[in-house]
1. List the helices (runs of 4 or more DSSP H) inside segment 1-106, counting only whole elements, that have at least 1 residues being surrounded by 18 or more Cβ atoms within 10 Å (Cβ to Cβ) and in contact with an Asp or Glu (Cβ under 9 Å, 6 or more places away or on another chain).
2. Any residue in segment 15-33 that's on the phi > 0 side of the Ramachandran plot: show its pairings with residues that are hydroxyl-bearing (Ser, Thr, Tyr) at Cβ separation under 8 Å, as long as the two are six or more apart or on different chains.
3. Run down Gly99, Gly127, Gly41, Gly61 and say which single residue is of a type outside the set (Phe, Trp, Tyr), within 19 Å of Ala141 (Cβ to Cβ) and in contact with a Ser or Thr (Cβ under 8 Å, 6 or more places away or on another chain).
4. Filter segment 126-174 for residues that are closer than 20 Å to Ser62 by Cβ, of a type in the set (Asp, Glu) and not in a loop (DSSP other than H, G, I, E, B) and give the result.
5. Checking Asp117 against (1) among the acidic types (Asp, Glu); (2) assigned to a helix (DSSP H, G or I); (3) touching a strand residue (DSSP E or B) at 6+ places or on another chain (Cβ under 9 Å), which test does it fail?
6. With respect to the numbered conditions (1) surrounded by 21 or more Cβ atoms within 10 Å (Cβ to Cβ); (2) part of a loop (DSSP other than H, G, I, E, B), which one is the sole condition not fulfilled by Ala123?
7. Might you check whether a residue that is touching a helix residue (DSSP H, G or I) at 6+ places or on another chain (Cβ under 7 Å), within 17 Å of Arg38 (Cα to Cα), of a type in the set (Asp, Glu) and in contact (Cβ under 8 Å) with a residue 24 or more places away in the chain occurs anywhere in segment 124-143?
8. Are there any pairs, at least 6 apart or on different chains, whose C-beta atoms fall under 9 Å, with the first in segment 75-89 and of a type in the set (Val, Ile, Thr) and the second assigned to a helix (DSSP H, G or I) and crowded, with 18+ Cβ neighbours inside 10 Å, and if so, which?
Amino acid sequence: MAHLSAIAYASLDHVIDSCYAKGEAPLILVLDRITDVRNFGAIARTAECAGVHAILIPEKGSAQINSDAVKTSAGALHHLPVARAKNLFFAVKELQKSGLQLICVSEKADAPMYATDFTVPTALILGSEEDGISSELFSLADGKVSIPMKGQIESLNVSVSAGVVIYEVMRQRQ
């Protein structure tokens, strides 16, 4: 029995090259160990609506892109490139070498997201709700930002966090 993916995976190099060829600053979402299919689908939906160029996920330890993910994304996964990496650490280092700033979005960060310049080529790194961003990726970051919070709960759902920061990028780029 073979398992077929609901989408065709993209080459991240081609996505980045295409952005630069069009004169656009790439915006890539790096999802570190996001395993919930509905969170993944919701993130993809928001990303596609806001013009994110691609999502990067690890080959293992990530949500399966299946019919539930596509349904939750409202079909966005048919329009938004998704790339997979055997080793997310090395893939993220390649993004850095390609000129993208690496920004971790975490409740553990001290700098508010509003203090970061998102008009430049950017890779946003978001981590799992259980463990957050892996220490390896966190150590690579050029910046670490948080979403300002006033309530008693310390963090937002990862799909909500993705939406908030993606739309701050969009605001700055308009």
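1. Details: elements: 12-21, 37-50, 67-72, 88-97.
Here the list reads 12-21, 37-50, 88-97.
2. Sorted first by the residue in segment 15-33, then by its partner, the pairs are Arg33/Ser62; Arg33/Ser128; Arg33/Ser134.
3. That would be Gly127, the only listed residue that is of a type outside the set (Phe, Trp, Tyr), within 19 Å of Ala141 (Cβ to Cβ) and in contact with a Ser or Thr (Cβ under 8 Å, 6 or more places away or on another chain).
4. Within segment 126-174, just Glu136 meets the criteria.
5. Unmet condition: (2).
6. For Ala123, the exception is condition (2).
7. Taking every residue of segment 124-143 in turn, at least one turns out to be touching a helix residue (DSSP H, G or I) at 6+ places or on another chain (Cβ under 7 Å), within 17 Å of Arg38 (Cα to Cα), of a type in the set (Asp, Glu) and in contact (Cβ under 8 Å) with a residue 24 or more places away in the chain.
8. Val82/Ala44
We did not get these values from a lab; they are worked out from the coordinates using the rules stated. Small disclaimer: the values here were computed from a predicted structure and weren't measured. Neighbour counts run over all protein chains shown; Cβ positions are idealised from the backbone, glycine included.
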